[in-house]
Number of protein chains: 2
Amino acid sequence: MIVETQFACFNELPLDCGAVLSPVQVAYETYGELNETRSNAILIAHALSGDAHAAGISPVDGKPGWWDSMIGKGKAFDTDKYFIICSNVLGGCRGTTGPGSINPATGQPYAMSFPVITIPDMVRLQKMLIDRLGIERLLAVAGGSMGGMQTLEWAATYPESVACAIPIATTARHSAQQIAFNEVGRQAIMSDPDWNDGNYYDKKPPARGLAVARMIGHITYMSDESMRQKFGRRLRGKDKFGFDFSVDFEVESYLRYRGMQFVNRFDANSYLYITKAMDYFDLSDREGSLAGAFRKGNNTRFLVISFTSDWLYPSYQSQEIVQALRSLNRDVAYCELQSNYGHDAFLVDVGEQTEVVRGFLASTYKARN
Amino acid sequence: MIVETQFACFNELPLDCGAVLSPVQVAYETYGELNETRSNAILIAHALSGDAHAAGISPVDGKPGWWDSMIGKGKAFDTDKYFIICSNVLGGCRGTTGPGSINPATGQPYAMSFPVITIPDMVRLQKMLIDRLGIERLLAVAGGSMGGMQTLEWAATYPESVACAIPIATTARHSAQQIAFNEVGRQAIMSDPDWNDGNYYDKKPPARGLAVARMIGHITYMSDESMRQKFGRRLRGKDKFGFDFSVDFEVESYLRYRGMQFVNRFDANSYLYITKAMDYFDLSDREGSLAGAFRKGNNTRFLVISFTSDWLYPSYQSQEIVQALRSLNRDVAYCELQSNYGHDAFLVDVGEQTEVVRGFLASTYKARN
């Protein structure tokens, strides 16, 4: 299934910081067919390093989408039944307006003059896209990690537009530890002289800093156990330590490779803006409490999923969401799935996740049609 | 109690890599008095960023030692009863020969021509110091984190010289995750152009890279819970997000401060060499199994301590040590202490640790005298 990325343009997007972005482009892909009653549309929200290419094969590089294991014929998000939409987030670097886009006022890339954005800003742009596509009420919004934050934001701000929400491996607010990991990544980028206060678009990008940020990220996405299983203490192409500072262990080689690979497809300034948006996110700060944030609408059903070995977005953060919703007597199901894959589980360990999502979507769809 | 750092010099130190370091200087401090039978000496081994100044007040900067809460009159390592020794590790930058020392062959700092070192190399140098001080058998060797690795190495290699060993918050071998965190720190340093392949001793040191490495370290030393208690989502000197990339959260400001502070007292090349020594450490690889490594001597008693919230050196790693020793029918006590402070607990949450160490030392001392 070859899938072309599409683009939508909007005149302006008002932001939480007070600025108005104008114009704004959003990159998106769709899979499956919208039914006549427009009642089968599902929005998928991506994580920090994701993009609009969630499923199918890209005609550009021939690669499958980042959630191809979950989206497609007969899969959890079944394209025979549902119409799936995934868009690149605001501030991104894969087709949606971000710091690497040209500022029409100057003819130069925004770089660090790009306004600071928030998760609500990202969702506001998604809402404009959904309106443009003529969809009044989404069957579902779903996503893991930062995608889960957007999912929660949809349910809190546009409850009438979401029949069900599936936040996965996520939180209603970043903890000090989560902020800390993001901040170290940002410092790694901003410490790289090639970052040059963000002005590198006609020069060498801050590849070393971004690679280090990505390496930190990768460690937090895996579990101690999954790293042991994948690498252990295995040496890379040698029997004995080199007693030098070249690569000794396979895990070192993997991290360096993934770090450098990331540099080819991601913009360092986008990394700064998007991680900042994640750190700012705090639904409990909105209306005095987390429950307060969800008080507005009461027609949205929730399926909250977490993974046992996810130490970056631990289960207790999902349970906080569940408790807030329960205190409002909302329709909420919670599944803590057993997995050794850490935070990556929502991307790579999709067996049980598929079962629970499939059933939940089917019952929501049935109740609606 | 003002304590002067002392120095001992040795003609040569043979290393695991095959090189011989010549000459070698070691910086050390002592607290309390050696008794007539020389049976009350305790060696304290420090962690990655520690030094010989474990207790008392430094005449140089007026600062207390890094384990002053554990060493002194009436404390766990009671200077009224015991003679305590702490030396800066080989490869360090606080008085013991390391990459920043002058290579007598060239008249220039070794920098990256310094030979790669191991935990056994560090302990070999400590053994030479203990011999020089005329101590045949230590009452105890104790240390946390990398200090615990040295403690285990002492018990494995010089069992006749150690009456008891107290490895705290440590492991007999670095896991893939522990190697990964160290590797990211090394990459942060080596990515800094000021690192200049290690040749910066007459120039600007790689302060940004070292600060990032230290920031990563700090996150791993704390627990999710202790970060929440210490910082939560509190903002730094403002009521609302700045919507910019200056410091927003207190945890960001803390990490940046600790990162920059570290740069003033630590050498980046030492960070590379010492973390590599930690990654190489694997007692289970020595004689076919972890138990095999401890087979040599059977007169050493063990007190193994871990902390519930330490996710960098989790309790299961201490339990592996305990199980190996139990399989040899060795005298081993294991205490998993309750603490919210994460890996830092052995430095900052010393109440219960004091009680168990005090009792264990007293009974070992009594049995010996």
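Here are the numbers for this structure:
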read-out: Magnitude of the charge dipole, the protein assembly as shown, Cβ model with Lys/Arg +1 and Asp/Glu -1, debye to 20; value: 380 debye
read-out: Residue-by-residue Karplus 3J(HN,Hα) for region A:128-139, coefficients 6.51, -1.76, 1.60, Hz, glycine and proline x; value: 4, 5, 5, 4, 4, 7, x, 9, 7, 9, 6, 5
read-out: Contour excess over end-to-end distance, with Cα ends at B:Met1 and B:Lys73 and 0.36 nm allotted per residue; value: 24.9 nm
read-out: Inter-copy spacing of B:Met260 label points, which lie 7 Å from Cα along Cα→Cβ, given in nm from shortest upward; value: 3.3
read-out: Set A:Lys238/B:Lys296; A:Lys203/B:Lys203; A:Lys240/B:Lys276; A:Lys238/B:Lys276; A:Lys63/A:Lys127; B:Lys230/B:Lys276 screened for pairs whose C-alpha atoms are more than 19 Å apart; value: A:Lys238/B:Lys296; A:Lys203/B:Lys203; A:Lys63/A:Lys127; B:Lys230/B:Lys276
read-out: Per-residue [θ]222 nm for chain A (sum of -39500 (n - 2.57) over DSSP H runs n ≥ 4, rounded to 500); value: -11000 deg cm²/dmol
read-out: For A:Lys240, label point 7 Å along C-beta direction: distances to other copies, nm; value: 6.5
read-out: Shielding by partners, peptide A:112-121 (average Cβ within 10 angstrom, other chains); value: 1
read-out: Residue among A:Val348, A:Met190, B:His46 farthest towards the positive dipole end of the protein assembly as shown, charges placed on Cβ; value: A:Val348
read-out: Taking B:Met112, B:Met260 and counting other C-beta atoms within 10 Å, the order from fewest to most; value: B:Met260, B:Met112
read-out: For chain B, share of DSSP beta bridges that run antiparallel, in % to the nearest 5; value: 40 percent
read-out: Relative exposure of B:Lys63, B:Lys230, judged by other C-beta atoms within 10 Å (fewest first); value: B:Lys63, B:Lys230
read-out: For chain B: relative contact order, % (alpha-carbon pairs under 8 angstrom, 6 or more apart); value: 18 percent
read-out: Unit charges on C-beta of K, R, D, E only; dipole of region B:170-230, Debye; value: 140 debye
read-out: Hz values of 3J(HN,Hα) by residue in region A:307-321 - Karplus curve (6.51, -1.76, 1.60), Gly and Pro given as x; value: 10, 4, 9, 7, 9, 7, 10, x, 4, 4, 6, 5, 5, 4, 5
read-out: Fraction of beta bridges assigned by DSSP in the protein assembly as shown that are antiparallel (%, nearest 5); value: 40 percent
read-out: Lys, Arg +1 and Asp, Glu -1 on Cβ, resulting dipole of region A:95-250 about Cα centre, debye, nearest 20; value: 380 debye
read-out: Exposed GluC sites (Glu not before Pro) absent - longest run of chain B, DSSP non-H/G/I/E/B, at most 14 other C-beta within 10 Å; value: B:137-286
read-out: Qualifying trypsin sites (Lys or Arg not before Pro) in region A:231-262, DSSP loop, other Cβ atoms within 10 Å at most 13; value: A:Arg234, A:Lys238, A:Lys240
read-out: Pairwise label distance in nanometres, A:Gln108 with B:Glu160, each label 7 Å out on the Cα-Cβ vector; value: 7.4 nm
read-out: Percent of beta bridges antiparallel (DSSP, region A:12-95, rounded to nearest 5); value: 55 percent
read-out: Euclidean distance of C-alpha centroids, region B:1-31 and region B:130-172, integer Å; value: 17 Å
read-out: Nearest-0.05 FRET efficiency for A:Thr354 and B:Ala19, computed from C-beta distance (R0 41 Å); value: 0.15
read-out: Built amide H within the under 5 Å cut-off of A:Asn35, gap 5+; value: A:Asn40
read-out: Shielding score for A:187-194, defined as the mean number of other chain Cβ atoms within 10 Å; value: 6
read-out: Relative exposure of A:Asp331, A:Asp344, B:Asp239, B:Asp282, judged by other C-beta atoms within 10 Å (fewest first); value: B:Asp239, A:Asp331, B:Asp282, A:Asp344
read-out: Cβ-vector label at 7 Å, A:Pro59, separations to other copies in nm; value: 7.9
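Taken together, the values in this text are just the output of simple stated rules run on the coordinates, not laboratory data. Computed from a predicted structure; not experimentally measured. Neighbour counts are summed over all protein chains in view; Cβ atoms, including those assigned to glycine, are modelled from backbone coordinates with ideal geometry.
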